[in-house]
Amino acid sequence: MKKVAAVLLTSIALQNVDAQNFIQAYKNRADMVTQTNINTNLQEFAAFGIKKTGTVANNNALNWLKNKYLSYGYAASDLSEDAFTYGGNTSKNLIITKTGTVYPNKYVIICGHYDTIVGPGVSDNGSGTSIILEAARILKDVPTEYSIKFIHFSGEEQGLVGSNHYVNNIAYQGGNQVLDIKLVLNIDQVGGLIGNNNNTITCERDTGGVSSNNAASDIATQELMTCTGLYSPLQTNLSYAYSSDYMPFEAKGYTITGFYEYLRSENEHTVNDTFANLDPVYVFNVGKAAVGALQHFAVATTTNNLLSANETSVQKSGEGIRIYPNPAKDLVTLEFEQKVKQFKVEVNDMAGNTVLNLENQEKINTSGLKNGVYTFTIKTDKGNTTKKIIINK
């Protein structure tokens, strides 16, 4: 990525958090990004070596991506491929579509390239690839008003070949717009350099090309910066979009934004772009920001999906029992449909340790519990009811 030099705007942008409300469910899902998954994705990506467009290694990486999505529960029909030729070889873009509940034919695209040159390209762009995978895993069963397309482009390093092909043959056909795209969020080279103070991420807006989409991009990028502050520990730097897979979309008038590392690693396109040289915690934090922002742009449900359907509903064991709020802070309330004189409450952490043991208390003081997920088991003479409650202060 970024074959031409750019001068970043060095001022840290002030985030107008009042313009967007903090949504607890969005934060809970952003916090489902795990360092283990990020590291595993990066290391597996590295293991394919140089994934130059059209090579066996490039195709192996494509198959790895497809298997990842299938393992997350996406159906084969959710996956599609966009094949193109470059230098006499065939390569493919991979597209995964998650259908929206209100606007199924309007799309939020989150994208990044998986091809590399010279080295294994763990930052450029295993980092973006890893984050897109985590976002797809976490949001698999989360209803969103707008459809989401998770797209992995090939051919980026040869001049945006894959994304150009997709835009001009899928998004547009015969010169006519086919896909109604709300936003394109591109993630490219967000690995940083290990040892740097990687506490800031660059958010990229459209400042050139087609002028009609600049204002919309500016608004979207401001929203991206706000989401980053709401759902990750990162600060933000405002810069401009250039030389990556959002540019063919920009040329057609679509609204674009993107993430790029703030402190340059300078390892891109070299043998030093390895897992050992990037900062995996930085990728992890950018992942949180991306999951938070993607929910905002696609308008995800605000009902918490950390719990299964039967756990979020009123559960019954002889009497109907409601346990709320969820997430909770310092107090959890039990509410019985019918009066119960005798009952016990046992609260356990996820390691199975009992942290509270109470009798006949409908108001449970949880101020002494640390943030995390706990099981609340209510025992009556009619049986037991167990529900998972998130403590988040």
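Please treat every number below as a calculation from the coordinates, not as lab data. Given the structure is predicted, the values throughout are model-derived calculations rather than measurements. Cβ atoms come from the backbone with ideal geometry, glycine included; neighbour counts cover every protein chain shown.
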Notebook entry, point to check: When you count, for each residue, the other Cβ atoms within 10 Å and take the mean per peptide, how do 163-173, 210-220 rank with the highest first?
Noted result: 163-173, 210-220
Notebook entry, point to check: Which of the lysines could be linked to Lys387 by a straight reach, that is with a Cα gap under 26 Å, when you skip same-chain ones fewer than 8 residues away?
Noted result: Lys27, Lys140, Lys316, Lys329, Lys339, Lys341, Lys344, Lys363, Lys370, Lys379
Notebook entry, point to check: How many angstrom lie between the C-alpha centres of segment 319-351 and segment 223-241?
Noted result: 38 Å
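Which value, in debye to the nearest 20, gives the size of the charge dipole of the chain about its Cα centre, when Lys and Arg are +1 and Asp and Glu are -1 at the Cβ? Provide the component values of the computation, followed by the final result.
On the way: 32 positive and 36 negative charges, 202 e Å.
About 980 debye.
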Next item on the list: Quick one: compute the contact order of segment 309-391, relative version, from alpha carbon pairs under 8 angstrom and 6+ residues apart, as a percent.
Entry: 32 percent
Next item on the list: Would you indicate which of [x] 88, 61, 36; [y] 77, 45, 41; [z] 94, 52, 43 is the value of Cα extents along the principal axes in Å derived from the coordinates of this structure?
Entry: [y]
